[in-house]
Amino acid sequence: MLDYRAWIERADTFTRNLPLRKTDFDQVDVEVLVEPPLQLGELQQLESGITRPIPAALRQFWLTGSRHCACSYVCRAFTGDIELFGGTAFLHAQELPEHIFTCRDWAENTWISEFPEEQRYWLDALPITDMKNGDYLALDVSQGQDDPPVVYLSHDEESFVLAGSFTAFLQQW
């Protein structure tokens, strides 16, 4: 199994060191927030309040890595004409029920409801990241896998599988 704590530490270190590359960019803005892991009792309480299973890989991420981490950056070059955005920003574990509700609402009350394959993605989603444009990265928990695929949920285009598993997604990222 992936060492989630080490993965988060690498993301943290990479992001914090980006300003050292300022010679390559006019400006580098970073934001780093890494909260401690969930306690088992907190995870059990969270699970009792949702209707879908939390896969083993995400459980371990929250129990050994972080309940919430955001390591994001914006690098600007040529006096701001070019902006490079990146990093990671996982949802806070405690916000999961709210985001599951939002995904279900999108699936049932928008154009998505008219497209069964698209709707399935949204209804079977366990959101892990929300995008500023209304999209999500989510785990597809429809098959009950311990390390399920990561899907990109697009609010205005077709959704698609981004990685074959949560672990593969993190390793590639």
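If you put +1 on each Lys and Arg Cβ and -1 on each Asp and Glu Cβ, how big is the dipole of the chain around its Cα centre, in Debye rounded to 20?
Dipole size: approximately 660 debye.
In nm, to one decimal, how far is the ALA168 label point from the ASP3 one, both placed 7 Å along Cα→Cβ?
The answer from the label model is 2.4 nm.
Could you look at region 46-131 and say what percent of its accessible area is carbon and sulfur, using a 1.4 Å probe and all protein chains?
Ligands and nucleic acids excluded, carbon and sulfur give 55 percent.
Under 5 Å between amide hydrogens, which residues at least 5 positions from SER165 or on another chain qualify, with H placed 1.01 Å from N in the peptide plane?
Counting only residues 5 or more places away or on other chains, the set is VAL150.
Before rounding to the nearest 500, sum -39500 (n - 2.57) across all DSSP H runs of length at least 4 in the chain and divide by the residue total; then give [θ] at 222 nm in deg cm²/dmol.
Per the formula, -9500 deg cm²/dmol.
Quick check: pseudo-label points 7 Å beyond the Cα along Cα→Cβ at VAL30 and ALA56, how many nm apart are they?
My value for the distance between the label points is 3.5 nm.
Tell me which chymotrypsin sites (Phe, Trp or Tyr not before Pro) from region 42-92 have a DSSP coil assignment and no more than 14 other beta carbons within 10 Å of their own.
PHE78
Taking amide hydrogens as modeled 1.01 Å from N in the peptide plane, which residues meet the under 5 Å criterion relative to THR129, leaving out close sequence neighbours?
LEU91, LEU137
Given DSSP loops and a limit of at most 12 other Cβ atoms within 10 Å, what is the longest stretch of the chain that contains no such GluC sites (Glu not before Pro)?
Here the longest run is 1-156.
For the chain, what does the accessible surface come to per residue with a 1.4 Å probe? Please give it in Å².
53 Å²
Work out, step by step, the length gained on full extension between GLU158 and ARG10: first 0.36 nm times the residue separation, then minus their alpha carbon distance; give nm to one decimal.
Taking 0.36 nm per residue and subtracting the Cα distance, the gain is 50.1 nm.
Pop out the ³J(HN,Hα) list for region 26-43 in order, Karplus 6.51 cos²θ - 1.76 cosθ + 1.60 with θ = phi - 60°, rounded to Hz; leave Gly and Pro as x.
6, 8, 10, 10, 10, 9, 10, 9, 10, 8, x, x, 6, 7, 4, x, 5, 5
The values are calculated or read from the model by the stated rules, or taken from the named source; none is laboratory data. The model shown is predicted, which means the values in this text are computed figures rather than measured ones. Ideal geometry is used to build each Cβ from the backbone, glycine not excepted, and the neighbour counts take in all protein chains shown. Note: accessible area is taken over every heavy atom of the protein model, side chains too, but ligands, DNA and RNA are not part of it. Shrake-Rupley method; radii C 1.70, N 1.55, O 1.52, S 1.80 Å.
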